[in-house]
Amino acid sequence: MSDVAELLQRLVRIDTRNPPGNEIEAARMLGGWLGDRGIAWSIDEFAPGRANLFAEVRATKPGRSIMFNTHTDVVPTGNDWTHDPFSATLIDGVIWGRGAADSKGSLAAMAIALARFAARRDTFSGAVQLTAVADEEAHSRGAKRFLEQVQQRPDAVIVGEPTDLRLMAAHKGSLRPVIEIIGRASHAALPQHGVNAIEGASKLLSSLDGLREKVQAKAHPLVGSPTIVPVLIQGGEAPNMVPNRCRVTFDRRLVPGETEDAVIAQFKTWLEAFESSTEGYTARIVDLAPSTGGPSETLPDHPFVIACQAGLAEIGLPTALSGLVVNCDMSSFRAAGIPAVVCGPGSPDVMHARDEHITVAALERGVDAYESMARQWLAGVGGVA
Ligand SMILES: [Zn+2]
């Protein structure tokens, strides 16, 4: 069997569902695998069972560095799997299991690519690093922890997520304002004495199309337009009362170039227009529900993007840039000022879905892609960053 397929099977068989994560088991197994290949590694257990793995291969000559980064945690499995989600069953060149694509497939391919560099330290200059971080699927605590602790930051990062090996240089972010509409309570038998907050929420939502048109007027070349969706509604106190309070939570996806402040200001303008066109209501943003953070991008003419494109071209893979509609750890590296892209084997369609799987052929292409992109960057392709 191919090395990358075997390593992926070992990773999938370790249950790292988040919550609770327990990524340390996967980190220890992978550390042992890397150590057997002469690669220096360390584990940072930053909370019980929650751990980042760091590994590094230094060339004989100094130079730039590049980091392969992905995560060891996986999302819960849900029901109705054809194969046990932790069996990593291999049938007809396909490996089935939770994390096969997101993102243990990337991790296995990155580890094999790193081992290729370790076997030939005289064929490149600089350093190739690997981080397998915890908690990407929840709060990105692993990536944030790594960036707080690291002594010397990598010069560039490839984040492994299933993209069918398409190169992603931008992703959307999200913001989730909780809006409270206040009216006035009264007996339900005397509704004329009250101002019904649920009816107020309904009026506000009927003006959503106007706001959506403004929101979607913007478009980013790689990730498309921002979106706005009401996702939660909560109101009323008793079946015999006109409700004085109703809350609506919105999921607003941001594209690179949009700021959270500007988005909040846009919401406020919308709420002011609602207040002035209705009688007796106030509407305010009272909270921001947890979200995965802001959007980010690495510009298409950045030397790192050019080097990655050269690496993909060298092995006959498409070089067109695209973007992700969801967030990932790329945002943490970009927030720290480090150029980053996202690329990995496996289809984005199987992420978080039942019967997640990946082909061995895709994994093997992934190993070649990571090695080739890293070699181009370390060789100085793309120019000075
Ligand atoms: Zn992922």
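The values are calculated or read from the model by the stated rules, or taken from the named source; none is laboratory data. Computed from a predicted structure; not experimentally measured. Here the Cβ positions follow ideal geometry from the backbone for every residue, glycine too, while neighbour counts run over all protein chains shown.
Points worth noting:
- Remark: residue 143 matches the filter, which requires a residue to be farther than 30 Å from residue 235 by Cβ, assigned to a helix (DSSP H, G or I), within 14 Å of the ligand (Cβ to nearest atom) and among the hydrophobic types (A, V, I, L, M, F, W, C).
- Conditions (1) assigned to a strand (DSSP E or B); (2) touching a residue at least 40 places away in the same chain (Cβ under 8 Å); (3) out of contact with any Lys or Arg (no Cβ under 6 Å at 6 or more places or on another chain); (4) over 23 Å from residue 164 (Cα atoms): number failed by residue 30: (1)
- Residue 310 away from the ligand (no atom under 16 Å from the Cβ) and not β-branched (Val, Ile, Thr): yes
- Residue check, residue 162 touching a residue at least 12 places away in the same chain (Cβ under 8 Å), within 16 Å of the ligand (Cβ to nearest atom) and part of a loop (DSSP other than H, G, I, E, B): yes
For (1) modelled with pLDDT of 95 or more; (2) in a loop (DSSP other than H, G, I, E, B); (3) within 16 Å of the ligand (Cβ to nearest atom), each residue gets a yes or a no:
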site	(1), (2), (3)
99	yes, yes, yes
107	yes, no, yes
115	yes, no, no
126	yes, no, no
137	no, yes, yes
152	no, yes, no
155	yes, yes, no
158	yes, no, yes
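- Test: residue in the stretch 327-334 that is more than 21 Å from residue 124 (Cα to Cα), away from the ligand (no atom under 14 Å from the Cβ), assigned to a loop (DSSP other than H, G, I, E, B) and assigned by TED's automatic domain parsing to the domain that holds residue 305: no
The rows are residues; the columns are (1) among the acidic types (Asp, Glu); (2) more than 26 Å from residue 385 (Cα to Cα); (3) surrounded by fewer than 20 Cβ atoms within 10 Å (Cβ to Cβ).
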site: 106; (1), (2), (3): no, no, no
site: 113; (1), (2), (3): no, no, no
site: 128; (1), (2), (3): no, no, no
site: 144; (1), (2), (3): no, no, yes
site: 152; (1), (2), (3): no, no, yes
site: 166; (1), (2), (3): no, no, yes
site: 170; (1), (2), (3): no, no, no
site: 179; (1), (2), (3): no, yes, no
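- Number of positions in the stretch 275-334 that are of a type in the set (Val, Ile, Thr), touching a strand residue (DSSP E or B) at 6+ places or on another chain (Cβ under 8 Å) and within 30 Å of residue 185 (Cα to Cα): 3
- Hey, residue 179 in the same structural domain as residue 323 (by TED's automatic domain parsing), in a strand (DSSP E or B) and either more than 16 Å from the ligand (Cβ to nearest atom) or not aromatic (Phe, Trp, Tyr) (or both) or not: no
- Within the set 214, 218, the sole residue that is assigned to a loop (DSSP other than H, G, I, E, B) and either closer than 25 Å to residue 276 by Cβ or at pLDDT below 95 (or both) turns out to be 218.
- Pair list, Cβ < 6 Å and 6+ apart or interchain, from the stretch 63-90 residues that are at positive phi to residues that are in a loop (DSSP other than H, G, I, E, B) and within 16 Å of the ligand (Cβ to nearest atom): 88/97
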